[in-house]
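Below you'll find the structure, written out as structure tokens, and then a few comments.
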Number of protein chains: 2
Amino acid sequence: MSKQMINHRGKQFSTLIDRVTPKLKRVFKTKNDLFILTSSGTGGMEAAVVNFLSSEDKVLAASIGAFGDRFADIAEKYGAEVRRIQKLWGTVVNPKELELELKLHPEIKAVLITHNETSTGVTNDLESCAAVVRKFDKLLIVDAVSSLSAIPVETDKWGLDVVVSGSQKGWMVPPGLAFISVSKKAWVAHAEAKMPRFYFDISKARTSLEKHQTSFTPNISALFALDVALDMILKEGTRSIFSRHKKIAKRLRKGVKQLGLEVFAKNGFESDTVTAIKIPSEIDARQLRQILEDEYDIVVAGGQAKLSGKVIRIGHLGLVTEDDIDDVLMSIKSILESIKSV
Amino acid sequence: MSKQMINHRGKQFSTLIDRVTPKLKRVFKTKNDLFILTSSGTGGMEAAVVNFLSSEDKVLAASIGAFGDRFADIAEKYGAEVRRIQKLWGTVVNPKELELELKLHPEIKAVLITHNETSTGVTNDLESCAAVVRKFDKLLIVDAVSSLSAIPVETDKWGLDVVVSGSQKGWMVPPGLAFISVSKKAWVAHAEAKMPRFYFDISKARTSLEKHQTSFTPNISALFALDVALDMILKEGTRSIFSRHKKIAKRLRKGVKQLGLEVFAKNGFESDTVTAIKIPSEIDARQLRQILEDEYDIVVAGGQAKLSGKVIRIGHLGLVTEDDIDDVLMSIKSILESIKSV
């Protein structure tokens, strides 16, 4: 990260982007085109909407939490006619419900879905949902910001047309880069898509990448870090990474129950990258987080939107270890005990 | 830059953003609102367009080069009716011409202008142009990506409604952050503006900043660097920084003439942050740049758009010293001599 800057129109940068892009594709499990954008994951989500749709297009947005709502909001902002499936938070999209919706609404052009919902700590069954969308020959646009590289995503095998991820999650890189993969079918949609775009335009990104460049000045520091992180990921192998995340997540969930607390996600839908823990109403969640940070140097997230104050969320992706998990569990235990004894 | 990441919804981040924002305002010379976005400068330019205009709004885009054209293109992409003043490259916008245009076209709502045009190495007389725009009570939207912090910009005194800059230029920080300041008049325009936006929405940015946050995961590493760079800038003082840039630029232009080469900018319009040098047709500009990079470890830029192959461009902003300038001049001299002797 602290390397000296290089000219993003020069040879060194060309070599960097030409080395990083194929490595990213290997983790995305895709032969599709893939572009690196300088933005947060939400910028990538906007790119995934505005490049493939026109205003007044009918879109089905299957939301299971705050990030699913955000995906729908973006499409609506740009004029799409959005039909929302809004599932109870803590649960997943039911592929049968998706099938029924697509059967009843043949005018739907694309489906927006969150793979791993960070606000609730829930992972959708993307493979089954994708099979349904493919059956109806709709465009499938996936927010994989907090899943890719940490839990299985098979872009080509599952037929995911547009997949977005972001550097600061499983990729173990600081924030500031988004990645987007684009299938042949998505390119066809792109050719007709009329939503306005400039900074996030993938036609520009494609032309630039053919010249071994990005369209606009990229976040070079994060690219340096990504280059190294991808080598780590590919060296360990995704199979090992996925099972490591699964194991750590299980350990955390078990520990949560032992503390007498409850995981927010309904049984069977729990995410292996982030866990939302219900905080009983007699405990001040904000205070709990503050003590964790001040006294234990552990940073956990609060609840988003309607979960504000009701859960705390623990991210366990990337470089998180079993020791980290034990550490956070022990700390929560101590705090809860000290609160009770007051 | 290589500091450990912090939670962007936590206390440490709040302190960081609350410390950096007022420092940025001091360099912008403004009491206006100011937001930090995670994108390149072009993302900031898009934010400066989509937040204040509606499709079919009449906009005057005064372009003196590739970045001026880009500003106009962004507005056009989002549906504005753009009237372009396209000046001969190497020259500036004439305030009298601007006045005539605004007199002849009272339906114009906003003026887009580039302060310092990186493609040609030319600086507009922004103060005089701003005075004209103010006289007609139009909204003035300024691309100050490659000027702010290196040459004088008086946001409040000159009445600049929207001003955009980017971290990788005079700010001495790696790329990945854009800054945008918003005047009261610009907020009024924002309230009516209907161009679609989500990632770059300044209403969201304002709500988030009131909570001491950014709307979406920010480029934290670059913020760490910016925090330090701003201390350096404020310690040296902008007056000293501006005169340093002026001195270095003069030295370079003098040296260019001594080499028997010509500065691309017309006399009196030369930028103090970037110099485009005409390359005689018998010399291969690309080869010259390649030798500079391979043999002298000096990276200079090529020409953009219609200047491709016709100029080389030397950036001299931020940490560039007189020694650096002498170094690049000597190196070009050696290369030209060796080419001639072949």
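The values are calculated or read from the model by the stated rules, or taken from the named source; none is laboratory data. All values reported here derive from a predicted model rather than from experimental measurement. FYI the Cβ positions are ideal-geometry reconstructions off the backbone, even for glycines, and counts take in every protein chain you see. Each accessible area value is taken on the protein alone, full model and side chains, heavy atoms only, with ligands, DNA and RNA left out. Shrake-Rupley method; radii C 1.70, N 1.55, O 1.52, S 1.80 Å.
Brief remarks on what is shown
- Top-ranked residue of the range B:156-178 - restricted to ones that are among the hydrophobic types (A, V, I, L, M, F, W, C) and within 14 Å of chain A (Cβ to nearest Cβ), ranked as nearest to the chain's Cα centre (by Cα): B:Val164
- Residue-level analysis places B:Gly318 outside the set of residues that are exposed (fewer than 14 other Cβ atoms within 10 Å of the Cβ), among the small types (Gly, Ala, Ser) and not in a helix (DSSP H, G or I).
- Some residue of the range B:258-270 being farther than 26 Å from B:Asn124 by Cβ and open to solvent by less than 60 Å² (accessible area, probe 1.4 Å): yes
- Residues satisfying the stated conditions in the range B:1-28, i.e. under 17 Å from the mean Cα position of the chain (by Cα) and surrounded by 19 or more Cβ atoms within 10 Å (Cβ to Cβ): B:Leu24, B:Val27, B:Phe28
- Members of the range B:302-315 found to be surrounded by 15 or more Cβ atoms within 10 Å (Cβ to Cβ) and aliphatic (A, V, I, L, M), listed by number: B:Leu307, B:Val311, B:Ile312, B:Ile314
- Of all residues in the range B:200-232 being out of contact with any strand residue (DSSP E or B) (no Cβ under 8 Å at 6 or more places or on another chain) and assigned to a loop (DSSP other than H, G, I, E, B), the one that is farthest from the other protein chains (Cβ to nearest Cβ): B:His212
- Pairs where the first residue, in the range A:73-87, is under 12 Å from A:Lys58 (Cβ atoms) and the second is open to solvent by 90 Å² or more (accessible area, probe 1.4 Å) and assigned to a loop (DSSP other than H, G, I, E, B), C-beta under 7 Å, 6+ apart: A:Gly79/A:Glu56; A:Glu81/A:Glu56
- Per this entry, B:Ile108 is counted among residues that are more than 11 Å from chain A (Cβ to nearest Cβ), among the β-branched types (Val, Ile, Thr), surrounded by fewer than 24 Cβ atoms within 10 Å (Cβ to Cβ) and farther than 17 Å from B:Ala144 by Cα.
- The set of residues from the range B:206-222 being open to solvent by less than 10 Å² (accessible area, probe 1.4 Å) and either more than 21 Å from A:Ala225 (Cα to Cα) or modelled with pLDDT of 95 or more (or both) is empty.
- Some residue of the range B:300-323 being more than 30 Å from B:Leu88 (Cβ to Cβ) and without any contact (Cβ under 8 Å) to a residue 40 or more places away in the chain: yes
- Matching option when the condition is of a type outside the set (A, V, I, L, M) and more than 18 Å from B:Thr120 (Cβ to Cβ), among B:Lys278, B:Lys310, B:Lys247, B:Lys306: B:Lys247
- For A:Lys185: the one exception among (1) within 14 Å of another protein chain (Cβ to nearest Cβ); (2) charged (D, E, K, R); (3) open to solvent by 10 Å² or more (accessible area, probe 1.4 Å): (1)
- Any pair with Cβ under 8 angstrom, 6 or more apart, that starts in the range B:115-142 at a residue that is in contact (Cβ under 8 Å) with a residue 60 or more places away in the chain and ends at one that is surrounded by fewer than 23 Cβ atoms within 10 Å (Cβ to Cβ) and of a type in the set (Ser, Thr, Tyr): B:Val122/B:Thr91
- Selection status of B:Val299, open to solvent by 40 Å² or more (accessible area, probe 1.4 Å), β-branched (Val, Ile, Thr), within 13 Å of chain A (Cβ to nearest Cβ) and touching a helix residue (DSSP H, G or I) at 6+ places or on another chain (Cβ under 6 Å): yes
- Filtering the range A:233-269 to residues that are assigned to a helix (DSSP H, G or I) and of a type in the set (A, V, I, L, M) leaves A:Ile233, A:Leu234, A:Ile241, A:Ile248, A:Ala249, A:Leu252, A:Val256.
- Tally, over the range B:1-32, of residues that are among the hydroxyl-bearing types (Ser, Thr, Tyr), over 21 Å from B:Gly237 (Cα atoms) and out of contact with any His (no Cβ under 7 Å at 6 or more places or on another chain): 2
- Residue satisfying all of: in the range A:60-91; within 11 Å of chain B (Cβ to nearest Cβ) and not in a helix (DSSP H, G or I); surrounded by the fewest Cβ atoms within 10 Å (Cβ to Cβ) among these: A:Gly79
- Just one residue in the set A:Glu293, A:Glu282 is over 24 Å from the mean Cα position of the chain (by Cα), open to solvent by 50 Å² or more (accessible area, probe 1.4 Å) and without any contact (Cβ under 8 Å) to a residue 40 or more places away in the chain; that residue is A:Glu282.
- Residue check: A:Glu56 meets all listed conditions (1) within 9 Å of chain B (Cβ to nearest Cβ); (2) free of Cβ contacts under 8 Å to residues at least 60 places away in the same chain but one, namely (1).
- Neighbours by Cβ (under 7 Å, 6+ apart or cross-chain): first from the range B:2-21, on the phi > 0 side of the Ramachandran plot; second open to solvent by less than 60 Å² (accessible area, probe 1.4 Å): none
- Criterion violated by A:Gly41 - all others in (1) within 9 Å of chain B (Cβ to nearest Cβ); (2) open to solvent by less than 10 Å² (accessible area, probe 1.4 Å); (3) over 21 Å from A:Pro152 (Cβ atoms); (4) not hydrophobic (A, V, I, L, M, F, W, C) satisfied: (3)
- Close pairs from the range A:30-42: first more than 15 Å from A:Thr207 (Cα to Cα), partner among the aliphatic types (A, V, I, L, M) and crowded, with 24+ Cβ neighbours inside 10 Å, Cβ under 6 Å, at least 6 apart: A:Asn32/A:Val182; A:Ser39/A:Ala178; A:Gly41/A:Val145; A:Gly41/A:Ala178
- Among the candidates B:Ser55, B:Ser147, residue that is farther than 25 Å from B:Gly315 by Cα, polar (S, T, N, Q) and not in a helix (DSSP H, G or I): B:Ser55
- Looking only at residues in the range B:130-174 that are more than 22 Å from B:Lys246 (Cβ to Cβ) and acidic (Asp, Glu), the one that is surrounded by the most Cβ atoms within 10 Å (Cβ to Cβ) is B:Asp161.
- Flag for B:Glu127 being under 20 Å from the mean Cα position of the chain (by Cα), open to solvent by 10 Å² or more (accessible area, probe 1.4 Å) and either over 30 Å from B:Thr275 (Cβ atoms) or not hydrophobic (A, V, I, L, M, F, W, C) (or both): yes
- Set B:Lys246, B:Lys235, B:Lys194: member being open to solvent by 50 Å² or more (accessible area, probe 1.4 Å), of a type outside the set (Ser, Thr, Tyr) and within 14 Å of chain A (Cβ to nearest Cβ): B:Lys194
- Screening the candidates B:Lys58, B:Lys87, B:Lys77 for the property of being in contact with a strand residue (DSSP E or B) (Cβ under 8 Å, 6 or more places away or on another chain), more than 27 Å from B:Lys266 (Cα to Cα) and not hydroxyl-bearing (Ser, Thr, Tyr) yields one hit, B:Lys58.
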